[in-house]
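First the structure, in the form of C-alpha cells, and then the observations on it.
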Amino acid sequence: MRSDPLRYLADELDSLRQQGLYRQLRVLDGEQKAHASFDHRSVVNLSSNNYLGLTTHPALRERALDATRAFGVGSGSVRPIAGTLSLHMELERKLAEFKQTEATVVFQSGFAANAGTVSAILGKDDFIVSDELNHASIIDGARLSRATIKVFPHRDARAARAIVAALPRDRRTVIITDGVFSMDGDIGALPELCDVADEFGCIMMVDDAHASGVFGRNGRGTVDHFGLHGRVDVQVGTLSKAIGVLGGYVAGSKALIEFLYHRARPFLFSTSHPPAVPAACLAAIHVLETEPQLIERLWDNTRFFKGGLQALGFNTGVSESPITPVIVGDATRAVRLSDELFQAGVFAQAIGFPTVARDKARVRTIVTATHTPDDLQFALDCFGRVGRALGVI
Ligand SMILES: Cc1ncc(COP(=O)(O)O)c(C=O)c1O
C-alpha cells in the first residue's frame with residue numbers, strides 16, 4: 001500500500017494542538033450581523049469586519065439581486081479577456097471619484113490588490129521599506145516582486161528614514177504602511193512617512209483595508225483623514241470589510257491603473273467578480289455618501305466599548321480604531337477566554353501566532369455601527385465575569 005506523503009501535515013497539526021494553537025472554524029448559520037448565530041448559538045458578534053453593518057443592508061441586497069437577475073451569476077472570464085462588465089467599469093469610476101484620484105482598478109480581494117500591485121510595480125533591483133506589522137498580503141507581494149525588503153520597527157518613521165537614506169539613490173523604493181493595523185487597531189505613521197517619501201523621491205503606498213469606510217470624510221480612508229491627497233501614490237482599499245461585500249481596489253494615477261491592467265497578475269489570471277459584487281459595492285458607496293450617521297454610530301460604539309474594557313482593567317494595547325484587542329499574552333489563555341466568552345454569548349475570536357507575536361496572543365474585538373447599547377453592555381458584563389474568573393483582570 002502507498003504510504004501517505006502528506007503525513008507530516010498531520011504531525012504539524014498535532015504540534016499546533018499541543019501548543020494550544022489549533023482552531024476549529026466557527027460556522028455562521030445565518031446573516032453576518034451584530035447579533036448572529038455561530039455553531040447554532042446566538043451570540044453578540046464582535047469578530048466580523050462588518051463595521052457599518054452593510055453585509056445585510058437592504059439597498060445592497062436589492063442591487064445585488066437586480067444585477068443577478070439582469071446579468072446572471074458569473075462573469076465568465078478574467079478581466080482582460082471577456083470578463084469586464086459595465087458594472088466593473090462603473091464601480092471603478094465611482095471609486096475614483098470617491099477617493100479623489102484619477103483612476104482605480106478593482107481586484108478580487110484586498111489581498112490580491114496588495115500582492116498583485118507590489119509584485120507588479122517593483123522588480124529585483126528595487127527596495128521595499130515596510131512597517132514590521134504590515135499585512136501578510138504586502139509581504140507576499142514583496143516576496144513575489146523579488147525586491148529587497150527592508151523592515152522598520154512599527155510606526156517608527158525615523159527608522160524608516162534612516163533605512164531609506166542608506167539606500168542607493170538610483171533604485172526605486174516604495175515605502176509601505178497599513179493605514180490601520182488589523183491586529184492592534186492603531187494607525188500607521190502616514191504623514192511622517194509621506195515626508196520621508198517626498199524627501200527621497202520614494203513611491204508612497206498605504207493599505208487602507210481597515211480604514212476604508214471608517215476613517216476620513218464619509219469613510220474615504222486615512223489619506224483623507226490626514227489631508228494627504230496627492231502625496232500617496234498607491235492607495236489600496238478593500239470592499240470586503242466596511243463596504244460589506246468582497247474585493248479590493250487600488251486608487252492612484254491613470255498611468256498606475258493602466259499599468260496594473262497590463263501587469264498585475266491577479267487581474268490578468270483570475271476571473272473577475274460576479275455581477276452582484278460590483279452592483280452591491282456601488283450601493284455601498286452610495287450609503288457611505290448618504291448615511292454618514294452609520295460612521296458616527298460606529299465611533300460612538302467604539303468609544304463606549306473601548307472605554308468599558310479599559311475600565312474593567314483589560315490591556316487594550318494602543319488601539320485608535322474600532323479594532324480593540326484584549327491582550328492576554330499566552331495563546332492557550334487567549335483561546336480559553338474566547339471559548340468561555342462564546343459559551344456566555346459573546347463571539348470574540350482568539351488570535352495567536354503567526355498572526356501576532358507568540359507572546360502577544362489576544363482576543364480581538366470589533367464593534368459595528370449596528371450593535372445596540374444593550375449588546376455592548378452585555379458583552380462588557382461577560383468580559384468582566386469571564387476575565388475575572390480566568391485571572392486576566
Ligand atoms: C490590513 C489588511 N490588508 C488587506 C487585507 C485583505 O483584504 P481582503 O479581505 O479584502 O482580501 C486585510 C484583511 O484581512 C487586512 O487586514
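The values are calculated or read from the model by the stated rules, or taken from the named source; none is laboratory data. Please read all numbers here as calculations on a predicted model, not as lab measurements. Here Cβ is always computed from backbone atoms with ideal geometry, including for glycine, and neighbour counts include all displayed protein chains. Each accessible area value is taken on the protein alone, full model and side chains, heavy atoms only, with ligands, DNA and RNA left out. Shrake-Rupley method; radii C 1.70, N 1.55, O 1.52, S 1.80 Å.
Would you be able to say whether some residue in region 199-207 is within 16 Å of residue 126 (Cβ to Cβ), among the small types (Gly, Ala, Ser) and away from the ligand (no atom under 16 Å from the Cβ)?
So far as region 199-207 goes, yes, one or more of its residues are within 16 Å of residue 126 (Cβ to Cβ), among the small types (Gly, Ala, Ser) and away from the ligand (no atom under 16 Å from the Cβ).
Can you give me the ranges of the strands (runs of 3 or more DSSP E) entirely in region 65-169 with at least 2 residues that are in contact with a Leu (Cβ under 9 Å, 6 or more places away or on another chain) and more than 16 Å from the ligand (Cβ to nearest atom)?
Here the list reads 127-131, 148-152.
If residue 317 satisfies every condition in (1) within 25 Å of residue 41 (Cβ to Cβ); (2) touching an Asp or Glu at 6+ places or on another chain (Cβ under 9 Å) but one, which is the exception?
It is condition (1) that residue 317 fails.
Under 9 Å by Cβ, and 6 or more places apart or on different chains, what pairs join a residue from region 1-25 that is among the acidic types (Asp, Glu) with one that is open to solvent by less than 70 Å² (accessible area, probe 1.4 Å)?
Short answer, once both residue conditions are applied: 4/10.
Between 182, 240, which is open to solvent by 10 Å² or more (accessible area, probe 1.4 Å), within 16 Å of the ligand (Cβ to nearest atom) and under 24 Å from residue 291 (Cβ atoms)?
240
If a residue has to be outside any loop (DSSP other than H, G, I, E, B), open to solvent by 30 Å² or more (accessible area, probe 1.4 Å) and out of contact with any Lys or Arg (no Cβ under 6 Å at 6 or more places or on another chain) to count, how many in region 301-332 make the cut?
Selection size over region 301-332: 7.
With the structure loaded, tell me whether residue 335 is in a loop (DSSP other than H, G, I, E, B), buried (at least 19 other Cβ atoms within 10 Å of the Cβ) and at pLDDT below 95 or whether it fails that test.
No.
Would you check if there is a residue in region 225-233 being open to solvent by less than 30 Å² (accessible area, probe 1.4 Å), under 20 Å from the mean Cα position of the chain (by Cα) and within 16 Å of the ligand (Cβ to nearest atom)?
Checked against the condition, which is being open to solvent by less than 30 Å² (accessible area, probe 1.4 Å), under 20 Å from the mean Cα position of the chain (by Cα) and within 16 Å of the ligand (Cβ to nearest atom), region 225-233 yields at least one hit.
How many of the residues in region 345-363 are in contact (Cβ under 8 Å) with a residue 24 or more places away in the chain and open to solvent by 30 Å² or more (accessible area, probe 1.4 Å)?
6
Please specify each residue of region 281-300 satisfying the condition of being crowded, with 21+ Cβ neighbours inside 10 Å and closer than 15 Å to residue 185 by Cα.
The answer is 298, and nothing else.
Test residue 340 against the stated conditions and say whether it is open to solvent by 10 Å² or more (accessible area, probe 1.4 Å), touching a residue at least 40 places away in the same chain (Cβ under 8 Å) and in contact with an Asp or Glu (Cβ under 7 Å, 6 or more places away or on another chain).
No, not satisfied.
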